């Protein structure tokens, strides 16, 4: 409670969807009293409800209706226009005498709390989320649309994704995994049915608190939970980049705010890493001041009151988070565990051909660029011979794929890292090349779409992810699953093939490990083990192994599509003429295959809506 004083007093209140905080400050910058109470959101609360919250704060601060304050600053979530400002003003009317009343959103208080001045970018991740920037009265915002339309990277977003993942696992396996058990614990229920009731009766804030379950599972090494956090942080970082573009690329400092960043230091680290990928020199910090003091600074800025004299006396946030010293617990790995997975030997005694050092490129780091080019060309020159040795197995796989296509089935590629990216690449090339639906050939990569551009540690060791993804796509006996793994040992791939075998889908395993030829995998109908040999850069399977695998995938889809009539001669008669280059190509195809002139070919294509096959047959 504030002491009686004759000096000028400054009142500030900051409120959000979860809690509200207030502070009473002297003109010298001394904090005389502060208080924290329940949520105060200009949208979620009525005027009467807001008045009750305000009264509770004023009573705790020792203020009466007769008390005179120099400035009352109120920054609440949900203050988005003059109408909402008027609502707050009416709710506060008569509670205390104030010479100046400044009303704004919690974005303003967060920005000033983060930087101590009205310039910079603030990224808020609490129950909801938003990114706000200001510089010389120029403003920009991204997000803040609520949990239905937005709130990416917020506690609610994290909790929602965690709930969906936990329930999907339960539907697939009939029991909860690490994440599911954490969700039950935080929801204080014991069964899936009880969880459903809890969710249906919970508020946005109550559901947002389940985000803690995702963080708990992440710390226990649960890879899907880690991927949820990465995806949410990535979405939040994208909003920061959007705001930066709106501010014409100004290199403003970025501060973070909100309960998620306050309570979960690892989220700050993940968010920072993702933002720095696209903005390497960005400066990211925790807030300098508490939110209520940020509201006070905003009010002073709005009222034109100089705060330089009191800035040095205002208490700063002092915590591990504020120092930026964040740590993320990593999964402990023992030597005995690694040896149980794969024998450990010196590099020159490695069992996998791709892991052995290449004697012909042992001086790669010392040669000049031209010699390096010659070395790699020489080493890659034997790839055709490697493919010739596997022609029977490759032909077998193509027959399986073509037969599946003729039955209305689909082709699924599954892989991790480079192997997964190659599968996604080949799948993405089929619709424009053969005018087939995107569902006909699908690539599934360990770690999801995020892993296409960024490494996702441990994703290839997740034995549940591939079966889950195949189940989500309703895999059946008409489909084909091709597992791609240079070593042939990737858990993500092997578990996917095992699931596919149980669903009676056809299965193919493509590796660069000829040592597996003598070990028949019971879950695989066709095995292709290419003898790619040591890589030019030891262990880098994105090189020759990757090239070989892509060549095989090229044959899979090209020849299977040819067999089902998507090709005539060696022409792409099903090419999708979606741009000018392809339209020119389509005219040339019709001219050649229908033996007509340019004008006739163009006329036929227009009549057939640029369907080359139909244009040829007209």
Pairs of alpha carbons in segment 146-285 whose separation is greater than 18 Å (percent): 56
Relative contact order of the chain, pairs being alpha-carbon contacts under 8 Å that are 6 or more residues apart, as %: 11
Additional length obtainable on full extension of the chain from residue 388 to residue 273, 0.36 nm per residue less Cα span: 36.9 nm
Of all DSSP beta bridges in the chain, antiparallel share, percent nearest 5: 40
Within segment 427-451, backbone nitrogen closer than 20 Å to the virtual label 7 Å beyond the Cα of residue 476 toward Cβ: 437-443
Point-to-point label distance, residue 308-residue 334, nm (Cα→Cβ direction, 7 Å offset): 6.3
Spin-label model distance (nm) - residue 366 vs residue 518, 7 Å beyond Cα toward Cβ: 3.7
For segment 380-563: span of alpha carbons on each principal axis (Å, largest first): 40, 37, 34
Length-normalised contact order of segment 24-164 in % [C-alpha pairs under 8 Å, at least 6 apart]: 16
Overall Cα dimensions of the chain - principal axes, largest extent first, Å: 94, 70, 61
Residue-span extension gain [residue 489 to residue 171] - 0.36 nm each, minus C-alpha spacing: 111.7 nm
Separation of alpha-carbon centers, segment 418-488 and segment 34-113, rounded to whole Å: 52
For peptides 73-79, 300-306, 428-434, 444-450, sequence by mean Cβ density within 10 Å, most packed first: 73-79, 444-450, 428-434, 300-306
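How much length would be gained if the chain were fully extended between residue 585 and residue 571, taking 0.36 nm per residue of separation minus their Cα-Cα distance, in nm to one decimal?
On the way: separation 14, 0.36 × 14 = 5.04 nm, distance 1.04 nm.
Fully extending the segment from residue 585 to residue 571 adds 4.0 nm.
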Between 0 and 90°, nearest 10: helix 417-434 axis offset from the chain longest Cα axis: 70
Inter-site label distance for residue 438 and residue 194 at 7 Å from Cα along Cβ, in nm: 4.1
Under 19 Å from the residue 7 label point (7 Å along Cα→beta-carbon), backbone N, segment 28-46: 28-35
Segment 530-546 versus segment 561-618: alpha-carbon centroid distance in Å: 39
Inter-centroid distance (Cα atoms) of segment 166-192 relative to segment 207-241, Å: 17
Helix 391-406 vs. the chain, principal-axis angle (Cα, 0 to 90°, nearest 10): 60
Ellipticity estimate at 222 nm from DSSP helix runs (n ≥ 4, -39,500 (n - 2.57)) divided over the chain, nearest 500: -14000 deg cm²/dmol
In degrees, nearest ten, helix 491-502 long axis to first principal axis of the chain (Cα): 70
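FYI, it's all coordinate maths here, none of it is from the lab. Small disclaimer: the values here were computed from a predicted structure and weren't measured. Note that each Cβ is placed from the backbone with ideal geometry, even for glycine, and that neighbours are counted across all protein chains shown.
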